[in-house]
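Here's the structure we're looking at; comments come further down.
The values are calculated or read from the model by the stated rules, or taken from the named source; none is laboratory data. Not measured: the values here are computed from a predicted model. Cβ placement follows ideal geometry from the backbone for every residue including glycine, while neighbour counts extend to all protein chains displayed. To get the accessible areas, we keep the full protein, side chains included, count just its heavy atoms, and leave off ligands, DNA and RNA. Shrake-Rupley method; radii C 1.70, N 1.55, O 1.52, S 1.80 Å.
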Amino acid sequence: METKERILLAAREVFGQKGFYETKMDDIAKEAGIAKGTLYLYFKSKEELYECLIKTGLNYIQEKVSEIVNSSKSFLDKLQDLIFFIVDVLN
């Protein structure tokens, strides 16, 4: 797994546990198993890292919804797939 991927996974975990304001870059670096300086090579600030997480998440959702909608399944099957996907994302 690439370092940036490890950082994003760690950030998602730490932000999820502590929230934005309580999360420190040190916490994310520790969770990712990297030095804090390495973290700053990839992201200039906590805000930039959080924004990247949000964009990554939104891109994933957009791609998945598009994949479901453009499938050759029936309308009801697509609807069911969308509902399952939304429930899964929210959990």
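Restricted to segment 72-88, and to residues that are loosely packed, with under 13 Cβ neighbours inside 10 Å and of a type in the set (F, W, Y), which residue is nearest to E5 (Cα to Cα)?
Going through the qualifying residues, I end up with F84.
Can you name the residue in segment 1-20 that is in a loop (DSSP other than H, G, I, E, B) and open to solvent by 80 Å² or more (accessible area, probe 1.4 Å) and is also nearest to C52 (Cα to Cα) among such residues?
Residue satisfying both the conditions and the ranking: E2.
Can you tell me which residue in segment 10-60 is modelled with the lowest pLDDT, limited to those that are of a type in the set (S, T, N, Q) and under 15 Å from the mean Cα position of the chain (by Cα)?
T56
Within segment 21-71, which residues are open to solvent by less than 30 Å² (accessible area, probe 1.4 Å), part of a helix (DSSP H, G or I) and β-branched (V, I, T)?
Listed by number, the residues that qualify are I28, I68.
Inside segment 37-68, can you point out the residues that are in contact (Cβ under 8 Å) with a residue 12 or more places away in the chain and more than 27 Å from T3 (Cβ to Cβ)?
V65, I68
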